[in-house]
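In what follows, a single structure is set out as structure tokens and then discussed.
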Amino acid sequence: MPWVDSLDYLNLNSLRRYPIREGTSAVSVDGLFQIPDTLILDLSLSASGNADERFYISAFTNNLFSCTIQMAEYLTGEVAGSFFVDFNTHKLNDTYYLNGIGVYSGATGKVTIGSPDDLQLQPAGQFLFLNTSTEVEPKVVVPGLMGVSSITYIDAEGTSATLTGDVTMNARTNTIFTYNQTLNSIAIDVGDNLGLNQICTKTNCIQKINGVTPDPSTGNISLIGVDCIQIASSSAYTLQFNDSCCTPCSGCSDLSTLTTRLTSLENSFIDLKNYYNTLNGQLVSYLTTVNSSCSCGS
């Protein structure tokens with residue numbers, strides 16, 4: 001085929017694999033789907049300030065009347081975002097924009113879509129790709145300005161939130177920020193002498209007892225005994241509460257003597273019961289003998 005000097009850039013791209021890298025197959029992992037050369041005519045992606053990062057088409061969803069092109073980082077497989085194309089309103093060489101996601105939520109990108117005719121000859125469904133099959137040319141990956149592209153917060157339950165743009169972090173009650181230069185990270189900790197954790201000017205001070213605060217002039221809280229309750233300090237750092245109305249009148253030795261006597265009394269009752277049973281048996285035997293007939297036959 002002779003070379004046509006007047007063939008423009010996008011039409012030329014429809015005859016080659018660009019912007020997918022030269023030498024790649026553009027075939028899905030299962031071998032059932034291939035991205036047509038006539039579909040993607042141009043691409044630009046700015047997802048990171050790191051010039052070493054590479055990207056590839058990790059998934060392609062073909063819905064016949066629409067498609068979704070998913071981009072991911074070459075080494076980690078982290079999804080950077082996706083392009084959505086609606087063929088009901090599509091016109092030849094229309095441009096669509098990237099929807100960033102996750103740690104790449106600040107990513108930007110554009111893709112130019114040509115004719116969907118060859119795509120409609122491919123099977124419908126979602127298809128996955130290896131990075132070696134659909135890596136895009138390094139030329140189309142444009143490094144962004146150096147800086148933090150996004151900040152991701154992860155709580156103890158694993159829930160995360162990613163913020164972009166100018167992000168302000170405010171330390172509130174009992175919170176302190178610590179920067180780790182080696183890991184390029186900021187730790188949020190509970191700090192001493194902050195907010196509710198402010199250190200008392202006097203050591204070992206009790207601020208409240210059941211919500212009752214001390215006398216502001218003396219710092220004391222009075223404990224007052226009522227009726228039978230008496231409060232005394234028998235030794236240092238000790239308060240003793242005494243019930244003067246219910247002091248026991250007998251000690252342990254008295255209770256031991258009483259227990260012994262009760263045991264002895266119980267044994268005497270058992271002996272008395274045995275005597276009663278013996279006498280009762282003898283009485284029954286006597287009455288039987290007295291009432292018997294002693295007459296003899298003639």
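Please state which of the following conditions ASN13 fails to meet, knowing it meets all the rest: (1) in contact with a Leu (Cβ under 8 Å, 6 or more places away or on another chain); (2) under 20 Å from SER133 (Cβ atoms); (3) at pLDDT 95 or above; (4) not small (Gly, Ala, Ser).
(3)
Pull up segment 230-239, narrow it to residues that are closer than 22 Å to GLY211 by Cα and not aromatic (Phe, Trp, Tyr), then point me to the one that is farthest from the chain's Cα centre (by Cα).
Taking segment 230-239 first, the residues closer than 22 Å to GLY211 by Cα are 231, 237-239.
With not aromatic (Phe, Trp, Tyr) added as a condition, the list becomes 231, 238-239.
Working: ILE231: 49, THR238: 45, LEU239: 45 Å.
Ranking the candidates gives ILE231 first.
Given (1) under 22 Å from THR132 (Cβ atoms); (2) surrounded by 20 or more Cβ atoms within 10 Å (Cβ to Cβ); (3) modelled with pLDDT under 95; (4) of a type in the set (Gly, Ala, Ser), identify the lone condition not met by GLY100.
All conditions are met except number (1).
Considering only residues that are assigned to a loop (DSSP other than H, G, I, E, B) and modelled with pLDDT of 85 or more, which ones fall in segment 164-191?
As a first pass, look at segment 164-191 and keep what is assigned to a loop (DSSP other than H, G, I, E, B): 164-174, 181-184, 191.
Result: GLN181, THR182.
Determine, yes or no, whether ASP86 is surrounded by fewer than 19 Cβ atoms within 10 Å (Cβ to Cβ), at pLDDT 95 or above and more than 41 Å from the chain's Cα centre (by Cα).
Working: surrounded by fewer than 19 Cβ atoms within 10 Å (Cβ to Cβ): yes; at pLDDT 95 or above: yes; more than 41 Å from the chain's Cα centre (by Cα): no.
For ASP86, the condition - surrounded by fewer than 19 Cβ atoms within 10 Å (Cβ to Cβ), at pLDDT 95 or above and more than 41 Å from the chain's Cα centre (by Cα) - is not met.
Among the residues of segment 103-127 satisfying the criterion of being out of contact with any Asp or Glu (no Cβ under 8 Å at 6 or more places or on another chain), aliphatic (A, V, I, L, M) and surrounded by 15 or more Cβ atoms within 10 Å (Cβ to Cβ), which is nearest to GLY23 (Cα to Cα)?
Once the filter is applied, the top-ranked residue is LEU119.
Which residues, counting only those in segment 224-244, are in a loop (DSSP other than H, G, I, E, B) and at negative phi?
ILE224, GLY225, VAL226, CYS228, SER233, SER234, SER235, ALA236, THR238, LEU239, SER244, listed by residue number.
Cβ contacts < 7 Å: first residue surrounded by 19 or more Cβ atoms within 10 Å (Cβ to Cβ), restricted to segment 56-83; second residue charged (D, E, K, R) and not in a loop (DSSP other than H, G, I, E, B), any location; separation 6+ or different chain. Result?
TYR56/GLU135; ALA80/GLU73
Does segment 141-163 hold any residues that are at pLDDT below 80 and either on the phi < 0 side of the Ramachandran plot or among the hydroxyl-bearing types (Ser, Thr, Tyr) (or both), and which are they? Give the steps one after another, and end with the answer.
Narrowing segment 141-163 to residues at pLDDT below 80: 145-150.
Those that are at pLDDT below 80 and either on the phi < 0 side of the Ramachandran plot or among the hydroxyl-bearing types (Ser, Thr, Tyr) (or both): LEU145, MET146, VAL148, SER149, SER150.
The values are calculated or read from the model by the stated rules, or taken from the named source; none is laboratory data. As the structure is a computational prediction, the values presented were derived from the model and not from experiment. Here Cβ is always computed from backbone atoms with ideal geometry, including for glycine, and neighbour counts include all displayed protein chains.
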